[in-house]
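Here's the structure we're looking at; comments come further down.
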Amino acid sequence: MSNVRDSGIVGCPPDDWDLDAWMARSFGIWQEEDHDIVLRVLPHAVERARAWRFHPLQQFEDDGEEVLVRFRSGGLFELANHLFGWAGDLVIEGPAALQEMMEKSDP
């Protein structure tokens with residue numbers, strides 16, 4: 001930074017602003033349009049997934065020996081990068097935009 005000055009204005013959020021609610025609309029730090037995320041965890045990784053927090057509002061749904069992880073979030077780019085660490089352990093059921101992002105980013 002250069003030429004920094006004090007504006008004299010205090011930078012505080014509005015009284016009704018909720019950090020937890022704001023963060024729940026994102027994955028990591030990214031804010032963008034929300035998407036319904038659905039991840040199918042394969043049987044060998046179910047225990048690992050149940051111990052993992054993908055998102056603060058995640059929900060687990062048993063589907064036979066597999067588990068669906070559901071949450072609503074933006075930040076598809078950051079989520080895609082995170083999911084590379086789950087390669088072979090889960091399948092992205094939706095949204096299509098996340099599937100496409102993973103295909104384009106495939107190393």
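A compact table of results
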read-out	value
Residues of the range 61-81 classified as out of contact with any helix residue (DSSP H, G or I) (no Cβ under 8 Å at 6 or more places or on another chain), of a type in the set (Asp, Glu) and free of Cβ contacts under 8 Å to residues at least 40 places away in the same chain, total	3
Number of the condition not met by PRO56 [criteria: (1) exposed (fewer than 14 other Cβ atoms within 10 Å of the Cβ); (2) in contact with a Leu (Cβ under 6 Å, 6 or more places away or on another chain)]	(2)
Filter result (assigned to a loop (DSSP other than H, G, I, E, B) and within 18 Å of GLY88 (Cβ to Cβ)) within the range 50-60	ALA51, TRP52, PHE54
Near pairs, Cβ below 8 angstrom, 6+ apart or cross-chain, from the range 49-60 (modelled with pLDDT of 95 or more) to any residue that is in a loop (DSSP other than H, G, I, E, B)	ALA49/ASP89
Any hit, the range 2-18, residues being under 16 Å from the mean Cα position of the chain (by Cα) and of a type in the set (A, V, I, L, M)	no
Any hit, the range 82-90, residues being free of Cβ contacts under 8 Å to residues at least 40 places away in the same chain and in a helix (DSSP H, G or I)	yes
Checking GLU103 against (1) more than 13 Å from the chain's Cα centre (by Cα); (2) in contact (Cβ under 8 Å) with a residue 60 or more places away in the chain, the condition it does not meet	(2)
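Every residue, every condition in (1) surrounded by 16 or more Cβ atoms within 10 Å (Cβ to Cβ); (2) not in a strand (DSSP E or B), yes or no:
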{"residue": "TRP17", "(1), (2)": "no, yes"}
{"residue": "ASP36", "(1), (2)": "no, no"}
{"residue": "LEU39", "(1), (2)": "yes, no"}
{"residue": "ARG48", "(1), (2)": "no, yes"}
{"residue": "ASP62", "(1), (2)": "no, no"}
{"residue": "ARG70", "(1), (2)": "yes, no"}
{"residue": "LEU98", "(1), (2)": "yes, yes"}
{"residue": "LYS104", "(1), (2)": "no, yes"}
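The values are calculated or read from the model by the stated rules, or taken from the named source; none is laboratory data. Computed from a predicted structure; not experimentally measured. Here the Cβ is made from the backbone with ideal geometry for all residues, glycine too, and neighbour counts use every protein chain on show.
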